[in-house]
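Inspection log for the structure reproduced underneath, given as structure tokens.
Coordinate-derived values only; no laboratory data. All figures in this text were calculated on a predicted structure; none of them were measured in a lab. Glycine gets a Cβ as well: all are built from the backbone with ideal geometry, and neighbour counts include every protein chain shown.
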Amino acid sequence: MTEPKTEPKTEPTTEPKTGLPQLYSFRRCPYAMRARMAVAVAEVPVVLREILLRDKPEAMLALSAKGTVPVLRLASGEVIDESRAVMDWALAQNDPLTWLAHKDEALIDRFDTDFKHHLDRYKYATRYPEEAVNVAEQRDFCVQLLQPLEARLAQGWVGGAAPAYTDVALLPFVRQFRIADTAWFDEAFELEKVREWVLRFLEWPSFLRVMQKYPLYLDGEQEHGFPPALENG
Ligand SMILES: N[C@@H](CCC(=O)N[C@@H](CS)C(=O)NCC(=O)O)C(=O)O
């Protein structure tokens with residue numbers, strides 16, 4: 001990347017300043033999005049440390065050497081570094097909209113493996129030079145995986161009339177599928193209910209709430225109370 005690393009860094013610390021759990025996050029990462037959405041709906045207070053994937057804080061790597069976001073560090077010192085486990089942790093404490101009752105593990109597994117595989121090749125074909133990716137074919141694979149959702153979205157969301165766990169787990173990735181070719185998705189994508197589902201998600205106040213921008217943590221002092229206040233109290 002062209003942007004220089006930001007320096008100087010202050011001494012990295014894994015110690016929470018507030019006694020609240022720390023959530024390392026990257027705004028545009030779909031895994032981090034699903035984690036933030038569960039933390040926000042559960043209204044579990046954490047401090048958010050916004051990072052860049054190309055310049056990961058030492059403090060985060062000290063907690064989880066695999067270097068992916070989200071990473072949640074609890075006040076007890078326990079570290080949760082898988083997005084679905086962060087969702088489960090938050091909703092186990094408070095599940096006001098009964099999201100856990102609408103959790104289709106098998107479907108989420110399929111999206112985290114197969115859909116993600118084809119999505120990456122569709123969206124970032126040049127990252128796989130050795131595979132000679134056929135972009136149209138990769139898009140078709142994604143469409144085939146989305147096809148069964150069309151029948152499940154009769155009420156608007158996989159969870160029924162309101163979004164729930166499965167919606168929140170899948171939608172950040174389907175959002176990326178849209179972004180790969182927005183004009184095609186908005187005008188030519190044949191799965192009408194899936195398209196409406198994604199477009200509804202993009203305007204959903206709970207999604208907009210977790211997409212707020214924060215200054216970067218960068219092993220410094222910048223951390224932010226999360227979730228932000230609800231717009232309408
Ligand atoms: N299985 C992990 C995957 C998380 C993941 O891969 N996140 C990406 C960002 S979207 C990441 O941090 N990649 C590391 C990198 O790009 O350096 C989870 O569910 O939390």
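What to note about this one:
- Using the empirical formula 2.2 N^0.38 Å as the baseline, the Cα radius of gyration of the stretch 43-92 reaches a ratio of 1.12.
- The chain: most fluctuating residue of 195, 152, 175 per GNM, C-alpha cutoff 10 Å: 152
- 222 nm mean residue ellipticity, helices alone, for the chain (DSSP H n ≥ 4; -39,500 (n - 2.57); rounded to 500): -13000 deg cm²/dmol
- Rg ratio (alpha-carbon, reference 2.2 N^0.38 Å) - the stretch 100-205: 1.06
- Percent RCO, i.e. relative contact order, over the stretch 100-205, from Cα pairs under 8 Å lying at least 6 residues apart: 30 percent
- Listed residue (169, 141, 204) projecting farthest to the positive dipole end of the stretch 100-205, Cβ model: 204
- Each Lys and Arg adds +1 at its Cβ and each Asp and Glu adds -1 at its Cβ; summed about the Cα centre, the chain shows a dipole of about 220 debye.
- Dipole magnitude (debye, nearest 20) for the stretch 100-205, charges at Cβ of Lys, Arg, Asp, Glu: 240 debye
- Order of 29, 142 under a 10 Å beta carbon neighbour criterion, fewest first: 29, 142
- In the chain, Cα pairs under 8 Å separated by at least six residues give a relative contact order of 28 percent.
- Potential lengthening between residue 62 and residue 95 on full extension [0.36 nm per residue; Cα-Cα distance subtracted]: 8.8 nm
- Taking the average, over residues, of other Cβ atoms within 10 Å as the packing measure, peptides 46-57, 127-138 rank 46-57, 127-138 from highest down.
- Each Lys and Arg contributes +1 and each Asp and Glu -1, all at the Cβ; summed about the Cα centre of the stretch 100-157, the dipole is approximately 200 debye.
- Within the listed set 111, 173, 185, the residue fluctuating most in the Gaussian network model of the chain (springs between alpha-carbon atoms under 10 angstrom) is 185.
- Candidates 179, 80, 108, ranked by Gaussian network fluctuation over the chain, Cα under 10 Å, top entry: 179
- Based on the convex hull around the alpha carbon atoms, the chain presents an average projected area of 13.8 nm².
- Ordered by the count of other Cβ atoms within 10 Å of each Cβ, fewest first, 72, 20 give 20, 72.
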